[in-house]
1. Do the conditions hold for residue 40, that is, is it assigned to a loop (DSSP other than H, G, I, E, B), closer than 22 Å to residue 178 by Cα, in contact with a helix residue (DSSP H, G or I) (Cβ under 7 Å, 6 or more places away or on another chain) and open to solvent by 20 Å² or more (accessible area, probe 1.4 Å)?
2. Residue check: is residue 153 part of a loop (DSSP other than H, G, I, E, B), free of Cβ contacts under 8 Å to residues at least 24 places away in the same chain and open to solvent by less than 60 Å² (accessible area, probe 1.4 Å)?
3. Please state which of the following conditions residue 53 fails to meet, knowing it meets all the rest: (1) open to solvent by less than 90 Å² (accessible area, probe 1.4 Å); (2) closer than 19 Å to residue 202 by Cβ; (3) modelled with pLDDT of 95 or more.
4. Among the residues of region 87-105, what is the count of those that are of a type outside the set (S, T, N, Q) and either modelled with pLDDT under 95 or open to solvent by 20 Å² or more (accessible area, probe 1.4 Å) (or both)?
5. Would you please name the residue that is most open to solvent (accessible area, probe 1.4 Å), looking only at residues in region 129-149 that are among the hydroxyl-bearing types (Ser, Thr, Tyr) and assigned to a strand (DSSP E or B)?
6. Out of the strands (runs of 3 or more DSSP E) lying entirely within region 168-212, which hold 1 or more residues that are open to solvent by less than 20 Å² (accessible area, probe 1.4 Å) and of a type outside the set (Asp, Glu)?
7. In region 48-85, what count of residues is obtained for those that are in contact (Cβ under 8 Å) with a residue 12 or more places away in the chain, in a strand (DSSP E or B) and out of contact with any helix residue (DSSP H, G or I) (no Cβ under 9 Å at 6 or more places or on another chain)?
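The values are calculated or read from the model by the stated rules, or taken from the named source; none is laboratory data. This structure is a prediction, so every number in the text was calculated from the model and none was measured. Cβ placement follows ideal geometry from the backbone for every residue including glycine, while neighbour counts extend to all protein chains displayed. Keep in mind that these areas ignore ligands, DNA and RNA; they rest on the heavy atoms of the full protein, side chains included. Shrake-Rupley method; radii C 1.70, N 1.55, O 1.52, S 1.80 Å.
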Amino acid sequence: MSFLKRLFKKKEDERQVNSAEELKIKDIIVLTDSFALPESLRKQQFQVSAINCYEFENNTQTEWVLQGANNLELYLTIESDDKTYLKFALKIQHQDIESLFDLDEFATVFDEPGEAFLERKSDSLLTSGWSSSQYQQQVFAKVGYFHRRDNRSESLSAYEGNEAGEQFELYSLLDEEQSRGIDIEVWQDGDTDLFITLYRPTSDIIDIFPGS
């Protein structure tokens, strides 16, 4: 009986992870095999390697850095509107943008009042399965601060101040279904990070294995 008690106690003590919002470093998620996902994501496992956050004036978003097979790195955030969605972001390079869009048209993303409309030319190898045929700009020069901290358990510095995180401007576009997008982060030193994004139901995560 004592053995059985220890066995059941061990199971009770194991950390349970019931949703993506509870993910911690070393946890592993398993994605569905749905054809709605890019081939590189279907039925794949990803491990949380880091947790960061984006601080805006009215909200703070937790970001989970996910490592998968073949060194594939994704960034996961949770988007809540009428429903809750998983937002997967894949970092892309200038040559991917050059393949996707006419560069003169892409440059209008940075022109006021921020109403750029982009049509896809062709996918690169990296963006295949991720992109949409057309995008409409939704966000123009939104100021945010990037923190290499987990805002769920660590306090952030004041919104303004010497240690307010790394400041950037966000530009975002979405397709007509608002299920695929492009995010552009422009940093104060002039560096620019480009991401192609995908919005999926939370049910696309079919299993979660706690790392500890």
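1. Working: assigned to a loop (DSSP other than H, G, I, E, B): yes; closer than 22 Å to residue 178 by Cα: yes; in contact with a helix residue (DSSP H, G or I) (Cβ under 7 Å, 6 or more places away or on another chain): no; open to solvent by 20 Å² or more (accessible area, probe 1.4 Å): yes.
When the stated conditions are applied, residue 40 does not pass them.
2. For residue 153, the condition - part of a loop (DSSP other than H, G, I, E, B), free of Cβ contacts under 8 Å to residues at least 24 places away in the same chain and open to solvent by less than 60 Å² (accessible area, probe 1.4 Å) - is not met.
3. (2)
4. Here is the first cut: in region 87-105, the ones of a type outside the set (S, T, N, Q) are 87-92, 94, 96-98, 100-105.
After this cut, where a residue has to be either modelled with pLDDT under 95 or open to solvent by 20 Å² or more (accessible area, probe 1.4 Å) (or both) as well, the list is 87, 91, 94, 98, 102-105.
Within region 87-105, residues that are of a type outside the set (S, T, N, Q) and either modelled with pLDDT under 95 or open to solvent by 20 Å² or more (accessible area, probe 1.4 Å) (or both) number 8.
5. From region 129-149, those among the hydroxyl-bearing types (Ser, Thr, Tyr) are 131-133, 135, 145; that's our starting set.
Add one more test, that the residue is assigned to a strand (DSSP E or B), and what stays is 135, 145.
Details: 135: 2, 145: 25 Å².
Selected residue: 145.
6. By residue number, 180-187, 192-201.
7. 19
Condition check ((1) at pLDDT below 95; (2) closer than 25 Å to residue 23 by Cβ) across all residues:
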position	(1), (2)
153	yes, yes
156	yes, yes
163	yes, no
173	no, no
185	no, yes
